Amino acid sequence: MFERYVQRWLAWAADPEQALRAPLLARSPLFSGLPRRLLARLGTRFLEKSYNQDEIVFQEGDPGRALFVVVEGTVEITQATPKGEYVLRTLGPGDAFGEIALIDNFPRSASARAASLARLLILYKTDFDALMDGNSQITNVVMRNLAHLLAVYARRTPAVVTDANPAPKTGNPP
Amino acid sequence: MRPVWLLLTCAAIAVLAWLGRGLVLPVFLAIVFAYVLSPILVWADALAIRRSVAVGALYAVLISVLIVGGVLLGPGIVSETASLMDRLPALAQRSDRGLDAVVRELAESAPALRRLLPEGEGWVQRYVINRGFGQSEDLFEQMGHAFLLAILVPFFAFFLLRDMPRIIARAMDRLPPQHVETSLAVWREINGVIGRYVRGVVLDGLVVGTLATVGLWAARVPYPLLLGAFAGLANVVPFFGPLLSVAAAGLMVVLTPGQGLAGVGRVAVLFLIIKVLDDTVIQPFTIGRSVHLHPALLLGSVVVGNHALGVLGMIIAVPAATLLQETVRLLLEHRRVLARHDLRRSSERLIV
C-alpha cells in the first residue's frame with residue numbers, strides 16, 4: 001500500500017520531458033557511448049522547438065551557432081546546385097545535424113528543412129563548449145564520434161571538391 | 001501590426017510599468033536570488049525531477065538553514081544592533097562636541113576660513129542620526145517594507161525558478177526559424193554572463209564579509225558581526241563598496257573610547273589586506289571569467305550607473321556594461337563570419 005503511494009508520487013515527481021532526453025541522445029551517433037549520467041547532464045542544455053513541414057531550420061551560408069537533434073519527424077539536409085536542390089541526407093529521430101558548427105566558426109555549408117512536422121532539440125555552441133571544458137569524458141567520446149562521422153561524410157559525399165589549382169608544393173616531402 | 005496598435009501597446013506597457021514601479025526592487029532581488037539557486041535546479045533537471053518538486057525541496061532546505069543560522073547568529077546580531085542603537089545618541093553627542101571644538105578652533109586661528117567652515121552645531125546628530133534613522137514612525141515603515149521584501153522576494157523567485165525554462169522554451173517556439181540561432185546565442189550569452197556574475201558577486205560578498213567579521217573581531221573593533229555583514233553587502237558595489245566598509249569601521253573605532261588612531265590604523269590595514277586578497281585570490285575563483293571589462297570601462301560604468309539610478313545603478317552597472325559588450329561582440333562576430341568565410345571561394349567543402 002505504502003509502496004504504491006511512493007511509486008505514484010515518484011512517477012508524479014519525475015519530469016517526463018527531461019527523462020526522455022537521455023535515451024534519445026543515447027541513440028544519436030554523436031553522443032553514443034556516453035554514460036547515462038552525462039547524457040542527462042547534456043540533456044539539460046538543450047532547448048526544444050517545433051517546426052512545421054517545409055520550414056527552413058537553417059540555410060546554406062548562415063552563421064552556424066548550434067547543433068540540432070531530431071526528436072520527432074524528419075529533416076532533409078540539402079545543398080543548392082546549378083541543377084537545383086540536392087538532398088544530401090534525410091534524418092529521423094535521434095539523428096543530429098549541424099555538428100560542424102560545434103568545431104568551427106564557418107557558415108553553414110548546407111541547408112536543413114523540416115520534411116514533415118518536426119520537433120528538434122537545439123544545443124548552443126557555447127553550452128556545448130562549457131560542458132566539454134568541464135568534462136574530459138564527454139570531450140573524448142564526442143570528439144571520437146565526430147571524427148568518425150566526418151570520415152564517413154568525406155568518404156561517401158560527392159560534395160568534397162578539391163581545389164582545381166592547388167598551390168605549388170614547396171620543400172621536400174617527408 | 002499597425003503603427004497605432006504598436007503605439008497603444010507601448011503606451012499600455014509604459015503605464016503598467018509606471019503603476020508597478022514599486023515592484024522593481026523585489027523583482028530585481030528575486031532575479032538575483034533565482035540566479036544564485038539556479039545551478040542546483042539544473043542538477044535536479046539532470047536527475048529528471050519535476051521543477052516544482054525540486055524548487056519546493058530547495059526552499060524547505062533553505063528555510064531549515066535560515067532557522068539554524070538565525071538560532072546561531074541571530075542573538076549576536078540583535079544584541080549588537082540593540083547596543084549600537086542605545087549608544088548612538090551618546091556617541092553622536094561626543095563626536096559633535098569634538099567636531100564643534102575643532103571648527104571653533106579653526107575659525108579662531110584662521111578667520112579667513114570662517115566663511116568656508118560650516119555654521120551651526122550638532123552636525124552628526126542632525127545629518128547622521130536624524131536623517132539616517134529618522135522618527136520612530138519612519139522606522140516602523142521601513143521595517144514594514146523590509147518585511148514585505150522578505151515575503152515578496154522568495155515568492156517571485158519561486159515562480160521564476162519553476163517557470164522560467166518553460167517561458168523561454170515557449171518564447172523560442174514562437175520565434176521565426178531564421179532568428180532562432182541568433183536569439184538563442186544572445187539569450188545564452190546574456191544568461192551565462194548575468195548568472196556567473198551574480199553568483200560570483202554573492203559568493204565574493206560572503207567570503208569578504210566573513211573575513212571582515214573575523215578580522216574585526218580579532219582587532220577588538222566593536223560590533224564585528226554588524227560591520228562584517230555591512231562589508232559583505234557593500235562589496236557588491238565595485239570600488240566604492242570597500243571604501244564605505246573601511247569608513248564605517250574606522251568611524252566606529254574613532255567613536256569608541258580607548259581605540260585611538262592605532263585602532264584606525266589596524267582597521268585600515270585589515271581592509272587593505274582583505275582587498276588585496278579579494279582582488280588576487282577570491283575574485284579569480286568567484287567572479288573569474290564572467291566579466292571581461294577594461295578597468296576604465298568598469299569604473300566609467302559604475303559612475304554612469306550611480307548618476308542614473310543611484311546605488312542600484314552602481315550594482316547593475318557592471319553586468320549591464322558586460323551585456324552591452326557581449327551583444328556587440330556577437331553581432332560583430334556574426335558579420336565577420338559571413339564576410340571572411342565566403343563558401344563560394346573556399347576550395348574544400350564538407351557537409352553541414
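Things to note:
- All conditions but one from (1) within 9 Å of chain B (Cβ to nearest Cβ); (2) touching a strand residue (DSSP E or B) at 6+ places or on another chain (Cβ under 6 Å) apply to A:Gly64; the one that does not is (2).
- Note on region A:1-94: enclosed strands (runs of 3 or more DSSP E) holding 3 or more residues that are of a type outside the set (Phe, Trp, Tyr) are A:47-51, A:66-72, A:75-81, A:84-91.
- Enumeration of residues in region B:186-209 that are acidic (Asp, Glu) and either surrounded by fewer than 19 Cβ atoms within 10 Å (Cβ to Cβ) or within 14 Å of chain A (Cβ to nearest Cβ) (or both): B:Glu189
- Pick from region A:101-129, criterion surrounded by fewer than 18 Cβ atoms within 10 Å (Cβ to Cβ) and in contact with a Lys or Arg (Cβ under 8 Å, 6 or more places away or on another chain), ranking: farthest from the other protein chains (Cβ to nearest Cβ): A:Arg119
- Within region A:77-100, considering residues that are within 7 Å of another protein chain (Cβ to nearest Cβ) and β-branched (Val, Ile, Thr), the one surrounded by the most Cβ atoms within 10 Å (Cβ to Cβ): A:Ile77
- Tabulated pairs, region B:234-258, first assigned by TED's automatic domain parsing to the domain that holds B:Pro224 and closer than 23 Å to B:Asp96 by Cα, second outside any helix (DSSP H, G or I) and among the hydrophobic types (A, V, I, L, M, F, W, C), C-beta under 8 angstrom, 6+ apart or interchain: B:Leu244/B:Val237; B:Ala249/B:Val221; B:Met252/B:Val221; B:Val253/B:Val221; B:Thr256/B:Val221
The values are calculated or read from the model by the stated rules, or taken from the named source; none is laboratory data. Predicted, not measured: the structure shown is a model, and the values here were computed from it. Note: ideal-geometry Cβ built from the backbone for every residue, glycine included; neighbour counts use all protein chains shown.
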